[in-house]
Amino acid sequence: DAGVIQSPRHEVTEMGQEVTLRCKPISGHNSLFWYRQTMMRGLELLIYFNNNVPIDDSGMPEDRFSAKMPNASFSTLKIQPSEPRDSAVYFCASSFGLRVQGYSYEQYFGPGTRLTVT
Amino acid sequence: KQEVTQIPAALSVPEGENLVLNCSFTDSAIYNLQWFRQDPGKGLTSLLLIQSSQREQTSGRLNASLDKSSGRSTLYIAASQPGDSATYLCAVRMFSGGYNKLIFGAGTRLAVHP
């Protein structure tokens, strides 16, 4: 399996522009997570989906952020309009989410997208 | 609200030393705990996962312990090598409303010099 795939790997954009980050989870996984990592705040969970449905978006910082999962193999995180304080590394992770006794629910992380907003 | 703390924030040691990285959490109702490694500019690599019913897990030179009641975990690295230099993250898995999520500590940045 290719693992979790994220694109682009690097994105540099100007303030006010729309940014779209993409993620392809591991085939067969039904939970998908978007994280943001900064020096100041560490790794924060933004939103997660189970069976393509958003379960908890309490970590999404503002209305400028939105995420979708139109099918089991694709998700997007969009920032519109972008601001310099959105500069961070954004990670996507996936796991199998069915509650089974003793299951680990281990998440597998993508390589991340490094976003720089100037 | 669950809070995960890692001590120390940074550590620099000579090659060959045995190390202990600490992780503490405020809510003991965890499902499991996971240690990750992150190299600069890279994603996260899972090192060890300990279920809440377990006390420790071992993989090669790594040993992770868990004391759920006291809210503590340690990652022990034996005979450290320069290749161990990375940031080590601790994360606890919680269940809420039937769904699980990971809550991360800020990490310990480790430098092992020859």
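If you go through the range A:73-86 one residue at a time, how many are within 14 Å of the chain's Cα centre (by Cα) and either more than 17 Å from residue A:53 (Cβ to Cβ) or outside any strand (DSSP E or B) (or both)?
Number of matching residues: 4.
Please find, among B:75, B:11, B:66, B:21, the residue that is within 30 Å of residue A:5 (Cβ to Cβ) and in a strand (DSSP E or B).
Result: B:75 is the single residue among B:75, B:11, B:66, B:21 that is within 30 Å of residue A:5 (Cβ to Cβ) and in a strand (DSSP E or B).
What is the number of the single condition among (1) without any contact (Cβ under 8 Å) to a residue 40 or more places away in the chain; (2) more than 10 Å from every other protein chain (Cβ to nearest Cβ); (3) surrounded by 14 or more Cβ atoms within 10 Å (Cβ to Cβ); (4) in a loop (DSSP other than H, G, I, E, B) that residue B:1 does not meet?
(3)
Residue B:38: polar (S, T, N, Q), farther than 15 Å from residue B:92 by Cα and within 11 Å of chain A (Cβ to nearest Cβ), yes or no?
yes
So which pairs qualify, if the first residue must be in the range A:10-35 and free of Cβ contacts under 8 Å to residues at least 24 places away in the same chain, the second must be surrounded by 15 or more Cβ atoms within 10 Å (Cβ to Cβ), the Cβ gap must be under 8 Å, and the two must be at least 6 apart or on different chains?
Going by the 8 Å Cβ cut-off, there are no qualifying pairs.
Within the range A:87-96, restricting attention to residues that are over 10 Å from the mean Cα position of the chain (by Cα) and more than 14 Å from residue A:116 (Cα to Cα), which residue is surrounded by the fewest Cβ atoms within 10 Å (Cβ to Cβ)?
So the residue we want is A:96.
Does the range B:96-114 hold any residues that are facing chain A (nearest Cβ under 8 Å) and in a strand (DSSP E or B), and which are they?
Passing the criteria: B:96, B:99, B:100, B:101, B:102, B:103, B:104.
Identify the single condition in (1) part of a strand (DSSP E or B); (2) within 14 Å of another protein chain (Cβ to nearest Cβ); (3) exposed (fewer than 15 other Cβ atoms within 10 Å of the Cβ) that residue A:70 does not satisfy, given that it satisfies every other one.
All conditions pass for residue A:70, except number (2).
How do the pairs read when you match residues in the range B:40-65 that are without any contact (Cβ under 8 Å) to a residue 24 or more places away in the chain with residues anywhere that are among the basic types (Lys, Arg) and outside any loop (DSSP other than H, G, I, E, B), using Cβ under 9 Å and keeping only pairs 6 or more apart or on different chains?
Correct list of pairs: B:41/A:114; B:45/B:37; B:46/B:37; B:49/B:93; B:52/B:93; B:65/B:72.
Scan (1) more than 10 Å from chain B (Cβ to nearest Cβ); (2) surrounded by 15 or more Cβ atoms within 10 Å (Cβ to Cβ) for the single condition residue A:45 breaks and write down its number.
Status for residue A:45: all satisfied but (1).
Give the residues of the range B:41-63 that are surrounded by fewer than 19 Cβ atoms within 10 Å (Cβ to Cβ), within 14 Å of chain A (Cβ to nearest Cβ) and assigned to a loop (DSSP other than H, G, I, E, B), sorted by residue number.
B:41, B:42, B:52, B:53, B:54
Do the conditions hold for residue A:32, that is, is it in contact with a strand residue (DSSP E or B) (Cβ under 9 Å, 6 or more places away or on another chain) and either among the β-branched types (Val, Ile, Thr) or surrounded by 21 or more Cβ atoms within 10 Å (Cβ to Cβ) (or both)?
Judged against the criteria, residue A:32 is a match.
Each reported figure results from applying straightforward, stated rules to the coordinates on display, with no laboratory input. Not measured: the values here are computed from a predicted model. Here Cβ is always computed from backbone atoms with ideal geometry, including for glycine, and neighbour counts include all displayed protein chains.
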